[in-house]
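The values are calculated or read from the model by the stated rules, or taken from the named source; none is laboratory data. Keep in mind that this is a model prediction, so the values were computed, not measured. Methodologically, a virtual Cβ is constructed for each residue, glycine included, from the backbone with ideal geometry; neighbour enumeration extends over all protein chains shown.
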Amino acid sequence: MHDIYSFVSGPLVWVAFIIFFGGSAVKILAWNSLCKKKDPTVHNYWSWIHVFKSLRHWLTPFGTLGWKSNPGMCIATFAFHLGVVILPFFIYAHIILLEESVLGIGWPAVPDSVADTMSIIVVVAALYFLIRRIIVPEAKYVTSFSDYAVLAIAAAPFITGFWAYHHLPGYSVAGLLHILSGEIMLAAIPFTRLSHMFFFPFTRGYIGSEFGAVRHARDW
Amino acid sequence: MGEPAEKNGHFTKDKGIDEGCRRLTPEKIESVVKKMLDTEAGARMKVYVETCVHCGLCSEACHYYNSHDGDPTFSPAGKVKQTLWELIRKKGRVSVDFIRRATEISYTECNLCKRCAMYCPMGIDVAYMMLFVRRICHFLGTSPQYIQDTAHSHSATMNQMWVKEDEWIDTLFWQEEEARDEMAGLEIPMDKEGADVMYSVIGPEPKFRAQLIYQAAVIFNAAGIDWTMPSTTGWDNSDMCMYTGDNDMMARLKRTHYETAMKLKVNRIVMGECGHAFRSVYDVGNRALGWRMPPVPMVHGIEFYAELFREKKIRVAKKYEPPVTIHDPCNVIRGRGLHEELRYVTHQICENVVEMTPNREHNYCCAAGGGVINCGPPFKNKRVEGNRTKADQLKDVKAQGVKTCIAPCHNCHGGLEDIIHGYELGLELKFLGDIIYEVMEK
């Protein structure tokens with residue numbers, strides 16, 4: 001057990017980060033050069049001011065017509081992503097680990113109660129997505145197995161984190177699973193739909209440029 | 001244009017699709033799809049397919065989806081699932097029936113209006129993907145018969161309606177002569193080198209709506225514009241090849257149009273009230289030819305009329321009284337942001353304007369655009385049934401007393417006319433030019 005723990009919390013962390021950073025970088029660079037070759041419109045019509053304008057509207061809760069007409073999805077999406085993307089950087093235990101192992105510096109953490117609440121919110125939002133996929137016809141129709149898989153991958157670190165932190169039964173395994181699921185998520189990002197994490201600014205930015213700079217129309 | 005639509009099981013009968021599919025083999029399908037995926041599908045396609053998180057938020061944007069009570073097979077993502085995702089997943093190893101269905105979906109169940117791009121959090125351009133599917137069908141030879149016929153006309157005559165050169169010139173003389181009865185000394189100057197404006201129209205104008213050329217001539221003459229119309233090919237700014245997926249022919253058409261303007265040494269092109277032609281000239285054809293923006297300055301009729309009113313080149317004798325509503329065509333509103341100009345012109349010429357909801361960039365499509373109406377009678381009922389949403393929008397404004405709907409686009413006119421008849425709405429349809437001609441001081 002101890003050996004597994006050292007492996008998962010040691011070398012495997014490195015592997016996960018290397019896959020995440022390396023995989024993402026390779027994918028972005030390769031597809032960017034493919035884009036230059038085959039889709040010259042993207043670079044030619046890219047317009048930073050309209051990119052930011054579009055991103056600003058879409059990254060503001062209820063900032064677009066689509067968000068306004070889907071309040072449930074709007075709240076769930078923002079709450080979920082806030083927890084998934086921002087929270088991990090401000091968990092006390094994460095900061096300590098990073099400070100003591102590699103970085104040598106720390107930064108302020110969010111209070112444990114806040115982290116705890118946010119984890120619950122992430123899990124509730126994930127459940128919302130899950131139920132929506134099962135019962136909302138237009139989501140169900142386009143759902144495939146991989147959609148459930150990525151949802152599970154993204155939610156797992158929060159479920160196991162909550163489990164370990166609260167010392168619920170079997171928590172020693174939960175700690176291990178927490179680290180492992182975090183690593184799986186990191187490593188999965190470049191190779192699954194989770195890559196929308198880094199492609200989102202490009203797809204949004206491009207349509208924002210087309211609408212803003214060429215079409216002179218709003219895209220929100 | 002009243003042939004009844006026939007169904008063959010799940011499919012709509014169409015000579016072009018049926019014949020095209022009869023000649024297909026699985027090997028041919030696989031090789032064409034593979035070639036397209038290997039060559040023309042680039043990073044943009046890959047990113048769109050991989051980034052779509054299958055949330056379905058695009059659905060409510062689509063009039064087909066709304067009109068079919070939320071049937072997910074009509075949602076934008078649902079249409080991509082039934083076409084492109086499968087083609088990619090199976091690497092082109094799909095059946096002939098799959099291609100038949102993909103043809104019908106991409107040509108007749110999507111107007112390429114890009115309203116869904118405004119509802120997708122990721123900003124995925126479904127119209128781009130549907131056009132890619134059409135292009136595959138183009139190479140497979142399964143395009144619907146009627147639209148393919150217009151594409152053939154384009155390649156044989158450089159206009160959409162098989163209008164011969166002498167017929168075109170004769171139409172201009174005819175309209176000039178007619179209009180002279182009303183306005184002495186009126187001219188439709190042909191091939192006038194160095195004129196300020198080249199006025200271009202779509203093929204159906206000389207074919208079916210010659211009075212629009214008459215009206216335009218009256219407006220140009222009353223405003224004292226130094227203008228001309230070409231007698232040669234290049235007079236037609238329309239472009240159905242853009243919608244059949246025949247990109248090479250599309251580029252030829254646009255080059256002829258621009259080159260005609262260059263040859264006449266005009267300062268700019270003014271286009272009649274057409275949406276798809278505007279998209280082709282302003283946004284698509286230029287790119288196909290390697291121009292970032294159109295090589296000759298060009299404006300849509302809406303912008304031109306707005307300019308005439310701002311510069312007081314035409315004056316209104318008495319505003320149009322019956323309450324009107326404004327239909328915002330996708331290609332000039334979502335495609336060029338002319339919504340405020342359209343309102344400015346409308347308020348200049350109309351006494352009572354009632355807005356439809358939603359409006360401006362968010363307006364619902366007419367269900368005729370994107371070449372759908374050009375797929376002809378076999379798909380007419382589908383198009384009308386597929387846009388109950390528009391009928392509801394129109395019913396709302398009718399209840400507020402609206403008698404006339406202004407639609408500054410030919411395709412919108414065709415589509416709205418069928419919707420107005422189909423749902424017995426009893427509204428009158430007009431172009432801006434119709435009303436300007438009616439109310440202006442001549």
> Taking region A:29-49 as the search range and keeping residues that are within 9 Å of chain B (Cβ to nearest Cβ) and more than 22 Å from B:ASN286 (Cβ to Cβ), which one is surrounded by the most Cβ atoms within 10 Å (Cβ to Cβ)?
Replying inline: A:TRP31
>> Among the numbered criteria (1) part of a helix (DSSP H, G or I); (2) in contact (Cβ under 8 Å) with a residue 12 or more places away in the chain, which one does B:ILE314 miss?
In response: (1)
>> Looking at the structure I just gave you, is B:LYS254 basic (Lys, Arg), modelled with pLDDT of 95 or more and surrounded by 19 or more Cβ atoms within 10 Å (Cβ to Cβ)?
In response: yes
> Given A:SER113, A:SER101, A:SER119, which one is of a type in the set (Gly, Ala, Ser) and modelled with pLDDT under 90?
Replying inline: A:SER101
>> Given the options B:LYS46, B:LYS114, B:LYS28, B:LYS7, name the one that is of a type in the set (Lys, Arg) and at the interface with another protein chain (Cβ under 8 Å from one of its Cβ atoms).
In response: B:LYS46
> What about A:PHE7, is it under 18 Å from the mean Cα position of the chain (by Cα) and either of a type in the set (Phe, Trp, Tyr) or more than 29 Å from B:ALA43 (Cβ to Cβ) (or both)?
Replying inline: no
>> So, restricting to helices (runs of 4 or more DSSP H) that lie completely within region A:111-220, which ones have at least 3 residues that are within 14 Å of another protein chain (Cβ to nearest Cβ) and under 13 Å from the mean Cα position of the chain (by Cα)?
In response: A:145-165, A:196-209
> Has region B:89-112 got any residue that is out of contact with any helix residue (DSSP H, G or I) (no Cβ under 9 Å at 6 or more places or on another chain), within 23 Å of A:THR143 (Cβ to Cβ) and without any contact (Cβ under 8 Å) to a residue 12 or more places away in the chain?
Replying inline: yes
>> Being within 17 Å of the chain's Cα centre (by Cα), within 14 Å of chain A (Cβ to nearest Cβ) and over 20 Å from B:VAL133 (Cβ atoms) narrows it down to one residue among B:GLU361, B:GLU340; which is it?
In response: B:GLU361
> within 14 Å of chain A (Cβ to nearest Cβ) and of a type in the set (Ser, Thr, Tyr), is that true of B:THR325?
Replying inline: no
> Would a scan of region A:65-77 turn up a residue that is within 14 Å of another protein chain (Cβ to nearest Cβ), more than 30 Å from B:GLN82 (Cα to Cα) and outside any helix (DSSP H, G or I)?
Replying inline: no
> Restricting attention to region A:84-97, does a residue exist that is within 14 Å of another protein chain (Cβ to nearest Cβ), surrounded by 18 or more Cβ atoms within 10 Å (Cβ to Cβ) and over 19 Å from the mean Cα position of the chain (by Cα)?
Replying inline: no
